[in-house]
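The values are calculated or read from the model by the stated rules, or taken from the named source; none is laboratory data. Just so it is clear, the model here is predicted, and its values are computed rather than measured. Here the Cβ positions follow ideal geometry from the backbone for every residue, glycine too, while neighbour counts run over all protein chains shown.
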């Protein structure tokens with residue numbers, strides 16, 4: 001696993017600057033030209049009619065191929081976060097990474113329980129299968145294992161709590177005897193259609209970078225009101 005923060009020689013991941021939903025040629029050009037930007041996030045699409053994985057918003061026509069984004073981002077020294085929305089996109093995208101072998105860090109993200117849902121463009125993918133494929137094809141990748149729930153479907157938080165335990169169990173069983181830094185990020189965000197709220201979160205397994213310097217710790221970091229700071233800890237997965 002490659003640590004994003006260590007790659008950019010930063011005290012920790014809170015100092016990373018992100019560009020989200022970079023799914024068009026214009027947005028990619030702007031992101032690559034920004035000297036202060038560290039990580040480019042994009043959505044990966046693939047269907048039976050596609051010859052190669054594409055970068056696009058779900059349900060929109062693609063302007064970019066994943067291979068082009070990987071090559072250009074790596075040449076610019078930018079890290080990538082690839083978001084998977086369907087099982088069909090996972091293996092083709094991992095094949096692209098294994099062929100191109102980028103030197104900059106890559107994060108692989110999926111709402112793993114949504115990969116089990118109906119209406120996917122491929123057979124449903126078990127969460128364990130997603131982790132196994134990522135580890136086999138690109139073991140240096142940082143894994144982001146997420147989920148989301150409609151607030152009205154989990155008013156008492158019990159389903160959310162169950163998913164947290166399931167994801168923690170996946171990590172313990174699948175990620176092996178390695179030290180990881182564990183970050184939990186969560187919040188209520190607008191969902192599709194009418195601004196309905198979704199409760200989303202992800203467990204991000206990223207090797208811990210060097211400890212922050214005293215000078216950095218004194219610098220105030222702006223953050224959203226729903227973000228809770230956790231002290232970085234070293235965790236041994238037995």
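Before moving on, here are some points about what is shown:
- Number of residues in region 122-171 that are part of a loop (DSSP other than H, G, I, E, B) and either surrounded by 15 or more Cβ atoms within 10 Å (Cβ to Cβ) or at pLDDT 70 or above (or both) equals 10.
- Selection status of residue 105, within 19 Å of residue 143 (Cα to Cα) and in contact with a strand residue (DSSP E or B) (Cβ under 6 Å, 6 or more places away or on another chain): yes
- Conditions (1) under 22 Å from residue 146 (Cβ atoms); (2) at pLDDT 95 or above; number of the one not met by residue 25: (1)
- Condition check for residue 94: at pLDDT 95 or above, within 20 Å of residue 144 (Cα to Cα) and within 16 Å of the chain's Cα centre (by Cα): yes
- A single entry from 103, 60 fulfils the requirement of being modelled with pLDDT of 85 or more, touching a helix residue (DSSP H, G or I) at 6+ places or on another chain (Cβ under 7 Å) and either surrounded by 20 or more Cβ atoms within 10 Å (Cβ to Cβ) or not in a helix (DSSP H, G or I) (or both): 103.
- Close pairs (8 angstrom Cβ cut-off, 6 or more residues apart or separate chains): farther than 20 Å from residue 21 by Cα in region 45-61, at pLDDT below 90 and in a loop (DSSP other than H, G, I, E, B) anywhere: 48/121
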